[in-house]
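The numbers here are math on the coordinates, done by the rules we state, and not lab data. Being a predicted model, the structure only gives us computed values, none of them experimental. All Cβ positions, even for glycine, are placed from backbone atoms using ideal geometry, and neighbour counts span all protein chains on display.
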Amino acid sequence: MEVSRHWRLRQQRYSLVGEECPHCQVKIFPPRDVCPDCGQEARTAYAFSGRGEVYSFITVHTPPAGYEEAAPYTVALVRLAEGPMVTAQLTDLGDQPVEIGMPVEMVTRRLRSDGERGMLVYGYKFRPLLAA
Ligand SMILES: [Zn+2]
């Protein structure tokens, strides 16, 4: 893997870094270097607030290999406050039912453990936004 791409993936893992189009100010996530709105080059890094709301969700009862210990879990399509949609697992739900429009915020969590190499894989998840 190319060094700059690896660095970018690492950055994405701990904060929600996308891009902002310098031409029309559309916020882009995941970063793709081309604005989906106006089609021009967009390489300006933009750090998202990590806040958004649940747009839709599904609960997974039969997870893919490597995610068994987490089942059942809920995966949501989150509409970020800045506009883009992100798919991510929800966490820290407790007894709280998931609802469309529920305010959520990003947290960095362990996604799964790779038993063979003892590696932990981290990524972002979203949890209900704590009342201020
Ligand atoms: Zn644009």
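Observations on the model:
- Neighbour counts of other Cβ atoms within 10 Å put His23, His61 in the fewest-to-most order His61, His23.
- Near the amide H of Phe57, within less than 5 Å, lie the amide hydrogens of Leu77, all on another chain or at least 5 residues away, with H placed in the peptide plane.
- Residue by residue, the range 39-51 carries 3J(HN,Hα) couplings of x, 8, 5, 9, 10, 7, 5, 9, 8, 6, 5, x, 9 Hz when phi is fed to the Karplus relation 6.51 cos²θ - 1.76 cosθ + 1.60 (θ = phi - 60°); x denotes Gly or Pro.
- Karplus-based coupling profile of the range 57-63, in residue order and whole Hz: 7, 9, 9, 9, 9, 10, x, with θ = phi - 60° in 6.51 cos²θ - 1.76 cosθ + 1.60 and x standing for Gly or Pro.
- For Leu129, the amide hydrogen comes within under 5 Å of the amide hydrogens of Val104, Glu105, counting only partners 5 or more places away or on other chains and with H modelled in the peptide plane.
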